[in-house]
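The values are calculated or read from the model by the stated rules, or taken from the named source; none is laboratory data. Because the structure is a prediction, the values reported are computed rather than measured. Here the Cβ positions follow ideal geometry from the backbone for every residue, glycine too, while neighbour counts run over all protein chains shown. Just the protein is used for accessible areas: all its heavy atoms, side chains included, with ligands, DNA and RNA removed. Shrake-Rupley method; radii C 1.70, N 1.55, O 1.52, S 1.80 Å.
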Amino acid sequence: MMERILVVLPNWYGEILFATPFLKALRQHRPNALIATLGWPQSREILLHNPRLNEVLVFDDRGEPRGFAGWWHLARELRRLRFDRAFILRKSLSRTLLLCAAGIPHRIGFDNSKSGWALTARIPAPRTPQHKAASYLPLLSAIGATASLQPYEYVVSEAERRAARETCLSLFPKKVTDTFEQPLVVLHPGANWAHKRWAPERFGDLGDRLSTAFGAQVLLTGGPEDLALAQAVRASMQRPATVLAGATSVRELAAILEHADLVVSNDTGIAHLAAALHRPLVALYGPTSPALTGPLGDRERVAVIHRPECCPQIPCYAPNHASHPGMQAISVDEVYEAAHRLLQNTHVS
C-alpha cells in the first residue's frame, strides 16, 4: 500500500520557499509515497507545479467556516484522506492537535514545551543557529534519512511564462528575444514590517543611477499594500519607471521576474523568489539576520548588504518601529556598486 505523508508548512512566502529543500529531500527518500502539504492559501502560490508533491492542501482559518468549526471540518477531511505520517515544520499547538484529531498515527516535529507532548516523534531542535531552510532537515531523521541543504525550488509553467512575456512586451516594446535591449531592473520597496524597508527615496535614487548608467528599464513591484510605496519611489525619480505593484498575483510576478536582469529587494518573499529563479539579486537586510533567513543561491549572483554593527539586536522583532538603524546605514552608493557589478556580469555572460 502506498505510504501517505502530510507536511504542515510554515505561514509566510519566504518560509514556504525555505521548506522546498525539505520537500525535495523527502521525495528523494520516499520516491513512491503520496506527499501532500498543508498550509495557508499562499502556499499554493509557491508550490503549484512543484514536482515533489502530489497535492497542495489549503487551510484558511480566516475563511469559512471559521474558528473551531473550520478546524474540525479540516480535521475530518484529513481523516478521510488517511495519512500515515505527518511532519510539522512549525511549533504550533493548534496544528499539532489537528493532526491528532485527524487520526494520523505518526506525528513528527521538533521537541518543544508548547506542542511536543502531542507528537509521536520529538526531534531535538538544532542547538546552533543555522539557516531556516537547513533547520527543517533534521526532521528527516525520524524516517532514518539525512540530507544536505539544497537550493529553493520554484516552478514557472509554460503558460505563465508565455503570459509574462506578453506583459513584458506590452510594458517594454523594445524587448527582443529573451533579453532586453535595455536591462530590466526590478525594485521591490515593500516588506511585511516597516522597519525592514529601505527608504523610498533611496530606491528612487538607485533607479535613476541604474537608468542613467545602463539605460535600465525600472519596474517597481509589490502587492496591493505596496502600491503607495512604489508610487513614492517613482515620484522621487527623475527618470521613467513603471509601477506594477498591486497589478499581479505572486505567480504572475514570479514569471515576470524570470526576465529581470537585476532584482533589488528588502528582506521579503520576493527576494527569495528571485533567488529561486536564479536572478541576479541585491538583498537589503537590517533587523533580520541573513545567516538565518538570507537568500539561498549562487554567490556570484546574490549580494546581501547588511550592517549588523548598527543594530542593538539581530534579529530584532519589533515591527512597530518606523525605521531601523541597520536599514538607515545602507547607502545608495554601496547598493549601486553591488548592482553595477551584477549587471556588468550579466551582460558580459
Consider region 1-19. How many of its residues are within 19 Å of SER249 (Cβ to Cβ) and touching a Phe, Trp or Tyr at 6+ places or on another chain (Cβ under 7 Å)?
2
Per-region count, region 30-45, residues at pLDDT 95 or above and over 21 Å from LYS91 (Cα atoms)
5
Using the structure shown, decide if GLN238 is open to solvent by less than 60 Å² (accessible area, probe 1.4 Å) and touching a Ser or Thr at 6+ places or on another chain (Cβ under 9 Å).
no
Taking the condition of being under 14 Å from MET2 (Cβ atoms) and either in contact with a helix residue (DSSP H, G or I) (Cβ under 6 Å, 6 or more places away or on another chain) or not aliphatic (A, V, I, L, M) (or both), how many residues in region 23-34 meet it?
4
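In the list ILE46, ILE16, which residue meets the criterion of being in contact with a Pro (Cβ under 8 Å, 6 or more places away or on another chain) and under 19 Å from PRO151 (Cα atoms)? Don't jump to the end; show me each part of the working.
Values: ILE46 fails: in contact with a Pro (Cβ under 8 Å, 6 or more places away or on another chain).
None of the other options fit; the residue is ILE16.
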Checked region 84-101 for anything buried (at least 22 other Cβ atoms within 10 Å of the Cβ) and among the hydrophobic types (A, V, I, L, M, F, W, C); matches are ALA86, PHE87, ILE88, LEU89, LEU98, LEU99
Evaluate the following for PHE22: is it modelled with pLDDT under 90 and among the aromatic types (Phe, Trp, Tyr)?
no
Expected single match for within 27 Å of the chain's Cα centre (by Cα), touching a residue at least 60 places away in the same chain (Cβ under 8 Å) and closer than 21 Å to TRP117 by Cα among ILE46, ILE88 is ILE88
Quick one: which of ALA125, ALA145, ALA118 is at pLDDT 90 or above, of a type outside the set (Val, Ile, Thr) and either touching an Asp or Glu at 6+ places or on another chain (Cβ under 7 Å) or closer than 27 Å to PRO51 by Cβ (or both)?
ALA145
Looking at region 211-228 only, could you name the residues that are more than 17 Å from LEU284 (Cα to Cα) and aliphatic (A, V, I, L, M)?
ALA213, ALA216, VAL218, LEU219, LEU227, ALA228
Number of positions in region 233-286 that are part of a loop (DSSP other than H, G, I, E, B) and not polar (S, T, N, Q):
18
In region 18-25, is there at least one residue being open to solvent by less than 50 Å² (accessible area, probe 1.4 Å), free of Cβ contacts under 8 Å to residues at least 24 places away in the same chain and under 19 Å from the mean Cα position of the chain (by Cα)?
no
Residues of region 287-332 being surrounded by 16 or more Cβ atoms within 10 Å (Cβ to Cβ), assigned to a loop (DSSP other than H, G, I, E, B) and of a type in the set (S, T, N, Q), which ones?
THR288, SER289
Filter region 206-221 down to the residues that are touching a Ser or Thr at 6+ places or on another chain (Cβ under 9 Å) and of a type in the set (Gly, Ala, Ser) and list them by number.
GLY207
Out of the residues in region 165-196 that are more than 22 Å from VAL233 (Cβ to Cβ) and either open to solvent by less than 40 Å² (accessible area, probe 1.4 Å) or part of a strand (DSSP E or B) (or both), which is modelled with the lowest pLDDT?
VAL176
Please verify whether region 150-158 includes one or more residues that are open to solvent by 40 Å² or more (accessible area, probe 1.4 Å) and part of a helix (DSSP H, G or I).
yes
Just a yes or no: is a residue in region 137-146 under 25 Å from the mean Cα position of the chain (by Cα), open to solvent by 10 Å² or more (accessible area, probe 1.4 Å) and more than 30 Å from GLU258 (Cβ to Cβ)?
yes
Members of region 52-70 that are surrounded by fewer than 18 Cβ atoms within 10 Å (Cβ to Cβ) and at pLDDT below 95:
VAL58, ASP60, ASP61, ARG62, GLY63, GLU64, PRO65, ARG66, GLY67, PHE68, ALA69, GLY70
Can you tell which of ARG202, ARG162, ARG209, ARG127 is outside any helix (DSSP H, G or I), of a type in the set (Lys, Arg) and open to solvent by 20 Å² or more (accessible area, probe 1.4 Å)?
ARG127
